Amino acid sequence: MKKMFKPAPIAVLGAGSWGTTVAIHLYKKKYPVKLWEYFPENVAYMNKTRRNPLLEGIPIPREIPILNDLSETVRDAGIAILAVPSNSMRSVLENLHSQIQSNTIIVNLAKGIEQNTMKRMSELIAEVLNHSPQKIVTLHGPSHAEEVSREVPTAVVAASVSEQTARIVQELFRSSYFRVYTNTDIVGVEIGGAVKNIIAIAAGICDGMGLGDNSKAALMTRGLLEIVRLGLKLGAREETFAGLSGVGDLIVTCNSQHSRNRYVGEEIGKGRKLKDVLDGMSMVAEGVITCLTVHQLAKKYDVLMPISSEIYKVLFKNKNPHNAVRDLMNRDPIHERHSL
């Protein structure tokens, strides 16, 4: 298939495991790529070693510039890929505001919802950059960087209100090991990608407490229903949650050894405190902040989300996980499709 855009420089903003993986992936596809990292010491280390310590055994090609200068990274970029955590997104966007052209395609990789404003990432990008939603794409799905970097077969979805823009990103990323579908339900894709992290924390708690397969299967199934309930209230399409950014991402995040959110839950299930767990992590667990935001959203839109509510109490109200499980199991009986 013929490329749908000229190979203008591609700027990848955020040199964590996923941003680095994406930069290497696009380099393999012969696109000119620049990689930006916020911390100067990390830039120096990565330029010296051509390694990212978060991606063991994966070399970074010397042809990929690793920069600390944001304006230099995005100069003349036809596509800017945002691989920064959701809680850092606004500050990065504010620095980008005067440097991004109106025709630049923005690709969001972050899976979160901004605290207090309750904005999805594409909404935040459009607002802060004053950018057309037609030029914004969110790329989500079950895609741990540790596996994509080793070319493990992976499938994701590129979502945008513009089918044409989604197809451009589909062509940009697709390869023999990285399959990309398109979807115009960006609301559903972003809600699925964000809220599943809360359910993954709950799944980790199950693991840490030593509960069984029955418990985890029930949790994931009922957790998916909570994601659907919230998504529908916000204007998403129900069928989106049966896709890669819904049940697909939920499965991998709740079960994978690579999942930071599942790890946080597992440690809490073993009896550790949230602050101690987070202090010992080098990467961000998006589900922690998302849990605060979803708690706000559920109240605002009157959405029944009992699992998310209990995880909020465990994380931020010091509720014992055993008591949370007991209270979930003792809720009043309802129909399986209640509130849909």
Select from the stretch 86-96 the residues that are in contact with a helix residue (DSSP H, G or I) (Cβ under 7 Å, 6 or more places away or on another chain) and under 17 Å from N68 (Cα atoms) and list them in ascending order. M89, L93, E94, N95, L96
Do any helices (runs of 4 or more DSSP H) entirely within the stretch 250-340 hold 2 or more residues that are among the aromatic types (F, W, Y) and surrounded by 18 or more Cβ atoms within 10 Å (Cβ to Cβ), and if so, which? none
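When you check A166 against the structure, is it crowded, with 21+ Cβ neighbours inside 10 Å and either touching a strand residue (DSSP E or B) at 6+ places or on another chain (Cβ under 7 Å) or part of a loop (DSSP other than H, G, I, E, B) (or both), yes or no? Break it down stepwise before answering.
On the way: crowded, with 21+ Cβ neighbours inside 10 Å: yes; either touching a strand residue (DSSP E or B) at 6+ places or on another chain (Cβ under 7 Å) or part of a loop (DSSP other than H, G, I, E, B) (or both): yes.
Considered against the rule, which asks whether it is crowded, with 21+ Cβ neighbours inside 10 Å and either touching a strand residue (DSSP E or B) at 6+ places or on another chain (Cβ under 7 Å) or part of a loop (DSSP other than H, G, I, E, B) (or both), A166 comes out as yes.
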What number goes with the only condition from (1) farther than 22 Å from A15 by Cβ; (2) surrounded by 15 or more Cβ atoms within 10 Å (Cβ to Cβ) that I100 does not pass? (1)
Just give me the residues in the stretch 35-50 being among the charged types (D, E, K, R) and under 23 Å from the mean Cα position of the chain (by Cα), in sequence order. E37
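Quick check on this structure: which one of A158, A126, A200 is without any contact (Cβ under 8 Å) to a residue 24 or more places away in the chain, of a type in the set (A, V, I, L, M) and within 24 Å of S88 (Cα to Cα)?
Values: A158 fails: without any contact (Cβ under 8 Å) to a residue 24 or more places away in the chain; A200 fails: without any contact (Cβ under 8 Å) to a residue 24 or more places away in the chain.
Exactly one residue qualifies, and that residue is A126.
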In the stretch 67-83, what count of residues is obtained for those that are in contact (Cβ under 8 Å) with a residue 40 or more places away in the chain and touching a Ser or Thr at 6+ places or on another chain (Cβ under 9 Å)? 6
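Could you tell me whether the stretch 205-214 includes any residue that is assigned to a loop (DSSP other than H, G, I, E, B) and on the phi < 0 side of the Ramachandran plot? It would help to see each step written out before you state the result.
Of all residues in the stretch 205-214, those assigned to a loop (DSSP other than H, G, I, E, B) come to 210-212.
Checking which are on the phi < 0 side of the Ramachandran plot leaves us with 211-212.
Yes, because at least one residue in the stretch 205-214 is assigned to a loop (DSSP other than H, G, I, E, B) and on the phi < 0 side of the Ramachandran plot.
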Pairs please, first residue from the stretch 28-50 and part of a loop (DSSP other than H, G, I, E, B), second anywhere and at pLDDT below 95 and crowded, with 17+ Cβ neighbours inside 10 Å, Cβ atoms under 9 Å, 6+ apart in sequence or on different chains. Y31/P9; P32/P9
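The values are calculated or read from the model by the stated rules, or taken from the named source; none is laboratory data. As the structure is a prediction and not an experimental result, all values here were calculated from the model. Backbone-built Cβ (ideal geometry, glycine too); neighbour counts: all protein chains shown.
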